[in-house]
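Encoded as structure tokens, the structure appears first; notes follow it.
The values are calculated or read from the model by the stated rules, or taken from the named source; none is laboratory data. All values derive from a computational prediction rather than experimental measurement. Every residue, glycine among them, receives a Cβ derived from its backbone with ideal geometry; neighbour counts consider all protein chains shown.
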Amino acid sequence: MIDLVKCEIKVYDSMVSLIPDEILKEELAPLSITIPNLLNTINFYEEDFYANNCNLDWWCLWPIERVDVPQ
């Protein structure tokens, strides 16, 4: 799930044992760069909005988080 308000990527995976966290984050890393870049390009956010408390940068990497779901 891509959360456009909190500026983060959440993964809902009911079979956590198949893909370790390190590999999951490595595979999704390009999205954490591309999505904020794309949103900035199309002026999706207001001018003074900085995702994930990025100070003066117009974008930063979005965190990738695995959400606990029933197995």
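Select from region 1-20 the residues that are part of a helix (DSSP H, G or I) and surrounded by 13 or more Cβ atoms within 10 Å (Cβ to Cβ) and list them in ascending order.
Restricting attention to region 1-20, the residues satisfying the condition of being part of a helix (DSSP H, G or I) are 16-18.
Once the filter is applied, which keeps residues that are part of a helix (DSSP H, G or I) and surrounded by 13 or more Cβ atoms within 10 Å (Cβ to Cβ), region 1-20 yields only VAL16.
Taking the criterion of being exposed (fewer than 14 other Cβ atoms within 10 Å of the Cβ) and at pLDDT below 90, the residues of region 59-71 that qualify are ASP68, VAL69, PRO70, GLN71. Among the candidates TYR12, TYR45, the residue that is modelled with pLDDT of 90 or more and hydroxyl-bearing (Ser, Thr, Tyr) is uniquely TYR12.
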